[in-house]
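What follows is calculated from the coordinates using simple rules that are stated; it is not laboratory data. Keep in mind that what you see is a predicted model, and the values were worked out from it rather than measured. Every residue, glycine as well, gets a Cβ built from its backbone with ideal geometry; the counts of neighbours run over all protein chains shown.
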Amino acid sequence: MQKNPYGQIEKGENHTFRMFKNEGDDLSSVPWSQKIFQNDTSHKCPTYVSQTPPCQGSCPSGHNIRGWLDIVRGMEKPSADMSWQEYAFRRSTDANPFPSVMGRVCPAPCEDGCNRNEVEDTVGINAVEQFIGDNAKKEGYKFEINAKDTGKKVAIIGGGCGGLSAALQLRKQGHSVTVFEKYEQLGGMMMYGIPDYRVPRDVLQYEIDRIIETGIETKMNTKVGVDISMEELEKDYDAVLFAIGAMSGRMLPIPGGDATNCVSGVAFLEAYNQGRLKHITGKVICIGGGDTSIDVVSVARRLGNIENTADKDRPERVIFDDTAHDVVDTSKRLGADVLLTTRSTIENMPAAQEEIDDANREGVEIQGQLQPVEVIKDADGRATALRFIRLEDDGSTPIEGSEFDVECELIVPAIGQGVDGEGMDDSFFNEHGFIDADKNFQVPNKPGFFVCGDVVRPHLLTTAIGQAGIVAESIGDYLDGNSQKSRNKVDVHYFDLMEKLNEWDLAPSDYENGKLSQGTDSADYAVHNYEDRSFASIIPHTELFLGHFDHEDRNARNHKLVDVDNVLGNFDERLIGYNEEEAQAEAGRCMSCGLCFECDNCVMYCPQDAVFKVKKDKATLGRYVDTDYDKCIGCHICADVCPTGYIQMGLGE
């Protein structure tokens, strides 16, 4: 760390102790539109403005991340006798009922957006979420359904994260829900597409069961369109939700791509997660570059290779014929030869860098700027090699004369996903095999039919969860006979001051007609000096006073490293979650962007003593400080020293 001439630590190129630039600098931290002061006074007074932090704005599931971090760190207190651990669980699962799962596998776009990156490093949001979820399992927290039965029935096709999340939200509204699932187990891609060493199955099953225990009916091994018709669903239910996912993998669209030993990444992982695929034979080539391809090659390295196996035990036989390997055979396993190829440069692979690093450490060979052009087959239709051509750095321009062959025993393309719509009405699907949706996730021109998740567009698990929350609201409006609501510009779960005041029995009193004859800043029937812009505004780091925050190293989760020497047969979980102390320490690094975190700067620095702490019996989150307008001269110091951007000079005139 370097120090400036005043002896204060400079914590980054754009992060200093100063609020303003030097005179003559090209840039100023105060936008022109906010330069409302002359000398040391202005015609404006402070108002308290809550905004959405970028972590929440970046989260596809719309988490109230700042909210549950505030609870874990001890800033927001629960009411009554509830523990902070349970309070954090209730708050986090408002948006996402799978905190243990998502805390482990979500690629965390929230952390990419975290303003703490402008200081030193992101807050470990995923790791705190995993702690909340794992502690909830340990304590046995359950979901509470308080709504009265509406008599309405909803059919949900698909029991993955989207379908189950929507089912929970609909149960909270009082509707009856039946989930139709074609597999033996619920969970969708969480169960069949993610290896168990990334998501322990006892953790996943607990979070699934907790949802089903709210009174959700399930019909397993039931494929809509085959075992039950769409017409029957339409007749027996008041609304139908498509949450069927996209669990059909795409094959290689090149000559020879139909080889018998060419299997999709989705099918490969499904066979492994069902416990049928226990080893591979010979060299494996996986084509992709995303997270699914990393899972494929990491599983292949763990399964290991068995030489001279019978034809019936070849991986493609197990995957396509729905058979299973003999467990005894696993004693003969040797290290597997695994190659992962991608069109992009390795640096630009879409997979998470941590996953790429793990694959390299585990002995996976990764080569970039390669495009498969032909599968070389033998007389029996089996692939014996895959022909590649090298690409320029742009990942699309072939280099003439650079073709070469790589011999292999199994080819696994992980290049995209498709939808299994067997037996369903083709009119629901677009030309790409997916289902279109409007902004409320209704199926256009199909009243009573709704959709969410990968069947709309394959994306992240957290995206499907976020869509499930929206579609549950839309289904509720439809069943109640209400028009569909317009969605907020910032469409997430966020802090609600009125809800917080009600929780603490501090809500404003009822207004009496004729009581208000002129403006007031003290009447008890209004919330004064506060504006909620969370629905419309995400607060950037430029509106914060970053100089307030000290350098604090991130409390990284322990990562159990697997390498070439111990990868074979190693299916232990890799991420070791926080203990309580670590979770609270990491949550304490949150800068509470856009909401007061009770630092007292405004109280200490106000030269007029105009800013004061609210009395304890009237205070709660968002109502920690207030302003005496009889004393305020509009000097704007409180806004300048507010670390979180919660105070803005907005009142006046």
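In sequence order, region 435-442 has phi-based couplings of 10, 6, 9, 8, 5, 9, 6, 8 Hz under the Karplus curve 6.51 cos²θ - 1.76 cosθ + 1.60, θ = phi - 60°, and Gly or Pro positions carry x.
May I ask for the angle, rounded to the nearest 10°, between helix 461-480 and the longest principal axis of the chain, with both axes built from Cα atoms and the value confined to 0 to 90°? For 461-480 against the chain, the angle is about 70 degrees. Legend: ranking of residues 391, 575 from fewest to most surrounding C-beta atoms inside 10 Å; resulting order 575, 391. Here the calculated FRET efficiency for residue 505 and residue 322, from their Cβ-Cβ distance with R0 = 60 Å, stands at 0.50, rounded to the nearest 0.05. Taking N as the residue count of the chain, its C-alpha radius of gyration divided by 2.2 N^0.38 Å amounts to 1.09.
Mind listing which GluC sites (Glu not before Pro) in region 136-226 are in a DSSP loop and have 10 or fewer other Cβ atoms within 10 Å? Each step should come with its number before you reach the end.
Details: sites: 139, 144, 181, 184, 207, 213, 217; in loops: 144, 181, 184, 213.
Counting only loop positions with at most 10 other Cβ atoms within 10 Å, the GluC sites (Glu not before Pro) in region 136-226 are 144, 184.
Under a Cβ-only charge scheme (Lys and Arg +1, Asp and Glu -1), can you give me the dipole magnitude of region 249-417 about the Cα centre, in debye to the nearest 20? Once rounded to the nearest 20, the dipole reads 460 debye.
Dipole check for the chain: with +1 at the C-beta of Lys and Arg, -1 at the C-beta of Asp and Glu, and the Cα centre as origin, the magnitude is about 760 Debye. The loop-placed GluC sites (Glu not before Pro) in region 257-346, going by DSSP, that have at most 15 neighbouring Cβ atoms within 10 Å of their Cβ come out as 307. Region 127-196 and region 237-252 have Cα centres separated by 17 Å.
Here the simple spin-label model places points 7 Å from the Cα toward Cβ, and for residue 536 and residue 603 these points are separated by 3.1 nm.
Across region 249-417, the fraction of Cα-Cα pairs farther apart than 23 Å, rounded to a whole number, is 34%. Stretched out fully, how many nm does the piece from residue 402 to residue 553 gain, at 0.36 nm a residue minus the Cα gap? Length difference between fully extended and current span is 49.7 nm. Work from the charge dipole of region 249-417 (Cβ charges, +1 for Lys and Arg, -1 for Asp and Glu, about the Cα centre) and give the residue of 324, 264, 371 farthest towards its positive end. Of the listed residues, the answer is 324. Mind checking which of 218, 299, 551 is farthest towards the positive end of the chain's charge dipole, using Cβ charges of +1 (Lys, Arg) and -1 (Asp, Glu) about the Cα centre? The residue sitting most towards the positive pole is 218. Computed about the Cα centre, the dipole magnitude for region 339-441 is approximately 180 debye when only Lys and Arg (+1) and Asp and Glu (-1) carry charge, each at its Cβ.
Averaged over residues, the count of other Cβ atoms within 10 Å places the peptides 530-540, 80-90 in the sequence 530-540, 80-90, highest first. Ranked for footprinting exposure by Cβ neighbours inside 10 Å, fewest first, 552, 422 give 422, 552.
Ranked from highest to lowest mean number of other Cβ atoms within 10 Å per residue, what is the order of the peptides 112-124, 226-238? It would help to have the intermediate numbers written out before the result.
Details: 112-124: 20.5, 226-238: 13.9.
Listed from highest to lowest mean packing, they are 112-124, 226-238.
Over all other residues within a Cβ to Cβ distance under 11 Å of residue 122, the charged ones net out to -3, with Lys and Arg as +1 and Asp and Glu as -1. The amide H of residue 45, built 1.01 Å from its N in the peptide plane, has 650, 651, 652 as neighbours under 5 Å, considering only residues 5 or more places off or on other chains.
Using +1 at the Cβ of each Lys and Arg and -1 at the Cβ of each Asp and Glu in region 249-417, identify which of 396, 254, 346 lies farthest towards the dipole's positive end. It is 254, whose Cα lies furthest towards the positive end. For region 249-417, the relative contact order comes to 34 percent (Cα pairs under 8 Å, sequence separation of at least 6). Can you list which of the trypsin sites (Lys or Arg not before Pro) found in region 550-620 are DSSP loop residues with at most 13 other C-beta atoms within 10 Å? When the trypsin sites (Lys or Arg not before Pro) of region 550-620 are filtered for loop state and at most 13 Cβ neighbours within 10 Å, 560, 615 remain.
What separates the Cα centres of region 539-593 and region 303-365 is a distance of 30 Å. Each residue in 279, 551, 541 was given a count of other beta-carbon atoms within 10 angstrom of its own, and listing them fewest first yields 551, 541, 279. Around the amide H of residue 286, modelled in the peptide plane, lie the amide H atoms of 339, 340, 341, 412, all under 5 Å away and 5 or more residues distant in sequence or on another chain. What is the chain's relative contact order, in percent, from Cα pairs under 8 angstrom and six or more apart in sequence? Across the chain, relative contact order equals 22 percent.
Quick one: which of 152-158, 378-384, 632-638 comes out on top by average Cβ neighbours within 10 Å, and what's the full order, highest first?
Numbers: 152-158: 24.7, 378-384: 13.6, 632-638: 20.4.
The densest-packed peptide leads the list: 152-158, 632-638, 378-384.
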